[in-house]
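Right, one structure below, let's go through it.
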Amino acid sequence: MSYVLSCIATEHNPFLVALAALMCVVGAWISFSLFRRARDTRGSTRLGWLFLNGMASGAAVWCTHFIAILAYETPLGLKIDPFLTVLSLVLAIVGTGIGFGMASSGWGRFAPEAGGALVGAAIAGMHYLGMSALDVEGFVEWTPSMVAASVALAVGLGALSLNRAMRPLTRWCHHGAAGVFFLAVVSLHFTGVAALTITPLAPVNPGQQPALWALAFAVAGVGTLVIGMGVVTALIDLRTRSLADADRVRLSTSDPLTGLGNRSQFNRALEEGCSWADASNGQFCVVLVDFDDFKSINQLRGYSAGDAFLSAIGARVMEGLQSGEAGMRLGGDEFVVVKRLSGNGSLQDFLDRLRALFTDSVRASGTALSCPACMGVAIYPDHGLSSSDLLANVGLALARAKQDKLSPVQFCDTVMDAAEKARRTLGVLLRGVVERGELVVQFQPQFDLDTGTISGAEALLRWTHPVLGSVSPADFIPVAEESGQIVAIGEWVLREACRHAAAWPKPLKVAVNLSAVQLRQADLPERVSAILQETGLPVGRLELEVTETSLMADPERSVAVLRRLRETGVSIALDDFGTGYSALASLQVFSFDRLKLDKSFAGDLAQSKEARAILKTVLMLGQSLSIPVLAEGVETEPQAAFLRAAGCPTVQGFLYSRPLSDEALCAMIAEQDEAGFRAAVGHG
Ligand code: C2E
Ligand code: CA
Ligand code: CA
């Protein structure tokens, strides 16, 4: 190899070597661009691309060879046989063309490598045919081992380059293939030249040099023309393809009749608009438009007039919209216009403009046509916290607008009460609450009424918003349920509760509240098992609380989920017992492990005879069904005394403890343990 390099450095004209290399680089790159087209097309188109491919690669290789030969600073007179020279060009074009064709043919497993080897062989053939076209005034001698090495290099690198082009691992392989092709040409050439030794027969004729230079430029010119043609073709192809792609995108998102967007574009605009409003604290307005009596245009003037009317309306809407607005036809005579609202006061102007765009008469089919339209308006996030809610609400608004002939523009909710507004605000603030770390779980201990010891604890969620402060779960849980966020939140609570409970000083039970939405998830048992496994809490220590209302929302599905949960070993408690309208029915559909008597009963014990009677009955019911009962909301000593006398085994309430942080609960458990120990050994 060192011989080859010194041969380039000392016996060649550097300028012409650079020209040859440039020719080869550009040629290789364009050949592989054309080859990619051939590879990705079929039939006669593929043959066309292969033809261009062969022309470009053959011409590039041939030009590189001849410029490099002319760069060889021989002290000898040099003549060139035109016939053999042209023949070598033809060989290069046909040989590489067939090689590239074979590589992309799909014939057999190793077609790419075989085709590549053929390309290499064609380059080598061209080189040696080209060499034999040279008539040197000297005695010519070849070194066979170098000749063999040059052919092997060309064939091997040729196979490698098409291997890379046909079996790419990354998107850079395409350039790698062209690079290897370049190496094949260059290494063949210089190894081939080095294989040659010439012993001069006569002195040099320096007058010949300028003619050779002219020849070099002529060759380069021809090569540039051929390769240039390839470049232009590839560029035209690229441009046509990108135009076709743009057309395809436009057709798939636009409505052919009006040129406005279609339904799929609307879906996208809706999602993007809501995300934009979230990110910029702005509002996103959706206006659904429907013509009142479009049918009569079709009936009285024919469908083509109807189409012409819609198309004229579409054109006017498209022209009349401003930045931040987009119009779409959803089908038939139903249109929708969306707008990103960032300032005040612009909404009314926008709606007035829309009314004019849709209801002023248009010229269609040679006459002036007009048709009254009604509009439903909804604004995100005021009228829906998700794009689907917004859509449902704007549909309702449109339906109202259609009924009320006097006010054809209807807002989703003209008067929204303050409570509703607050709920919507909460919904927005709740997004991402888990990720922001604004939630914590507290534990309210449950006590054995006889011994006064802690028997377990209920996990209760706490949300502290940076501005609103602490928000009651009674306020935000229903909002989270409505928007579906409760699934993620509930799973987080479960994981936190189990994680903490697993580290408590005593193996007490932990109770976690389940929402109705979670209860409808078919994979809830698997999720629960996964969390138990992840946190290491033994399954027997988890109790899930469900309310009667959530159970009865979809009893069949919920009971099926509860049964599967129970099979895994989790216990199930019925929460807020006695507040539903058919408490006994829920006891029939599922056999609970515990009844949690609603706190309203404990609260009413002092004043109400009925409450005392109901409480006794429930305790008896529990006893006869062998279901332990827990009384919630015990706040006073008299309530506790009554419950004790009535035989209630477990209680939970402010009298004993408020919900505590995990550390405080652990301290309480440890303290009780120590007191118990001291009592047992006769101290304290
Ligand atoms: P709940 O399941 O009935 O929880 C008991 C509620 O009663 C708790 O309110 C607790 O702080 C309160 N409480 C305990 N002892 C007394 C007492 O002696 N007197 C009075 N007046 N109240 C007492 P909190 O924590 O505000 O929770 C309210 C509701 O929010 C819960 O009612 C439960 O339905 C729901 N909730 C709380 N955490 C979660 C949760 O992680 N997931 C789900 N799905 N719901 C939860
Ligand atoms: Ca509960
Ligand atoms: Ca409860």
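The values are calculated or read from the model by the stated rules, or taken from the named source; none is laboratory data. No experiment lies behind these values; they were computed from the predicted model shown. Don't worry about glycine lacking a Cβ; one is built from the backbone with ideal geometry, like all the others, and counts go over all protein chains shown.
Tabulated results
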{"quantity": "Residue in segment 315-337 that is surrounded by the fewest Cβ atoms within 10 Å (Cβ to Cβ), counting only those that are under 32 Å from the mean Cα position of the chain (by Cα) and of a type in the set (A, V, I, L, M)", "calculated": "M318"}
{"quantity": "Yes/no for Q639 being at pLDDT 90 or above, away from ligand 2 (no atom under 16 Å from the Cβ) and in a helix (DSSP H, G or I)", "calculated": "yes"}
{"quantity": "Qualifying residue in segment 119-126 (condition: modelled with pLDDT of 95 or more and under 46 Å from the mean Cα position of the chain (by Cα))", "calculated": "yes"}
{"quantity": "Residue that is surrounded by the most Cβ atoms within 10 Å (Cβ to Cβ), among those in segment 598-647 that are farther than 19 Å from Q446 by Cβ and of a type in the set (V, I, T)", "calculated": "I614"}
{"quantity": "G106 vs. criteria under 39 Å from the mean Cα position of the chain (by Cα), more than 19 Å from A20 (Cβ to Cβ) and not acidic (D, E)", "calculated": "yes"}
{"quantity": "Segment 545-588: number of residues that are aromatic (F, W, Y) and in contact with a Leu (Cβ under 7 Å, 6 or more places away or on another chain)", "calculated": "1"}
{"quantity": "Criterion: within 15 Å of ligand 1 (Cβ to nearest atom) and farther than 23 Å from H500 by Cα - qualifying residue of G647, G603", "calculated": "G603"}
{"quantity": "So T549, is it in contact with a Gly (Cβ under 8 Å, 6 or more places away or on another chain), within 16 Å of ligand 2 (Cβ to nearest atom) and not in a strand (DSSP E or B)", "calculated": "yes"}
{"quantity": "Out of V440, V433, V479, V428, sole residue that is more than 16 Å from ligand 3 (Cβ to nearest atom), in contact (Cβ under 8 Å) with a residue 24 or more places away in the chain, over 23 Å from L532 (Cβ atoms) and not in a helix (DSSP H, G or I)", "calculated": "V433"}
{"quantity": "Residue within segment 527-543 that is at pLDDT 95 or above, basic (K, R), crowded, with 18+ Cβ neighbours inside 10 Å and away from ligand 2 (no atom under 16 Å from the Cβ) present", "calculated": "yes"}
{"quantity": "Filtered residues of segment 628-654 (kept if touching a residue at least 40 places away in the same chain (Cβ under 8 Å) and hydroxyl-bearing (S, T, Y))", "calculated": "T650"}
{"quantity": "Residue within segment 466-474 that is touching a residue at least 24 places away in the same chain (Cβ under 8 Å) and either within 16 Å of ligand 3 (Cβ to nearest atom) or assigned to a helix (DSSP H, G or I) (or both) present", "calculated": "no"}
{"quantity": "Scope segment 577-600; condition more than 16 Å from ligand 1 (Cβ to nearest atom) and either part of a helix (DSSP H, G or I) or in contact with a Cys (Cβ under 8 Å, 6 or more places away or on another chain) (or both); matching residues", "calculated": "L584, A585, L587, Q588, V589"}
{"quantity": "Top-ranked residue of segment 259-310 - restricted to ones that are in contact with a Phe, Trp or Tyr (Cβ under 6 Å, 6 or more places away or on another chain) and not in a helix (DSSP H, G or I), ranked as surrounded by the most Cβ atoms within 10 Å (Cβ to Cβ)", "calculated": "V289"}
{"quantity": "Selection count, segment 161-177, where residues are farther than 20 Å from S187 by Cα and charged (D, E, K, R)", "calculated": "2"}
{"quantity": "Some residue of segment 320-338 being in contact (Cβ under 8 Å) with a residue 40 or more places away in the chain and in a loop (DSSP other than H, G, I, E, B)", "calculated": "yes"}
{"quantity": "Count of segment 161-172 residues which are surrounded by fewer than 18 Cβ atoms within 10 Å (Cβ to Cβ) and among the hydrophobic types (A, V, I, L, M, F, W, C)", "calculated": "2"}
{"quantity": "Qualifying position, being modelled with pLDDT of 90 or more and small (G, A, S), among G77, G48, G58", "calculated": "G58"}
{"quantity": "Residue among E556, E610, E567 that is free of Cβ contacts under 8 Å to residues at least 12 places away in the same chain, of a type in the set (D, E, K, R), away from ligand 2 (no atom under 14 Å from the Cβ) and not assigned by TED's automatic domain parsing to the domain that holds G633", "calculated": "E556"}
{"quantity": "Candidates V559, V546 - the one that is crowded, with 21+ Cβ neighbours inside 10 Å and closer than 13 Å to L524 by Cβ", "calculated": "V546"}
{"quantity": "Test: residue in segment 490-511 that is away from ligand 2 (no atom under 16 Å from the Cβ), charged (D, E, K, R) and without any contact (Cβ under 8 Å) to a residue 40 or more places away in the chain", "calculated": "yes"}
{"quantity": "Any hit, segment 643-650, residues being within 16 Å of ligand 2 (Cβ to nearest atom), modelled with pLDDT of 90 or more and hydroxyl-bearing (S, T, Y)", "calculated": "yes"}
{"quantity": "Residue tally, condition aliphatic (A, V, I, L, M) and more than 16 Å from ligand 3 (Cβ to nearest atom), over segment 615-626", "calculated": "4"}
{"quantity": "Residue ID - surrounded by the most Cβ atoms within 10 Å (Cβ to Cβ), chosen from residues in segment 505-519 that are of a type outside the set (V, I, T) and within 13 Å of ligand 1 (Cβ to nearest atom)", "calculated": "L514"}
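Quick grid of which residues meet (1) in a helix (DSSP H, G or I); (2) within 14 Å of ligand 1 (Cβ to nearest atom); (3) under 20 Å from A497 (Cβ atoms):
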residue	(1), (2), (3)
A522	no, no, no
L537	no, no, yes
L544	no, yes, yes
G569	no, no, yes
D575	no, yes, yes
I614	yes, no, no
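Table: residues versus (1) modelled with pLDDT under 90; (2) out of contact with any Leu (no Cβ under 7 Å at 6 or more places or on another chain); (3) among the polar types (S, T, N, Q); (4) closer than 14 Å to V226 by Cα.
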site: F15; (1), (2), (3), (4): yes, yes, no, no
site: M23; (1), (2), (3), (4): yes, yes, no, yes
site: N53; (1), (2), (3), (4): no, no, yes, yes
site: Y72; (1), (2), (3), (4): yes, yes, no, no
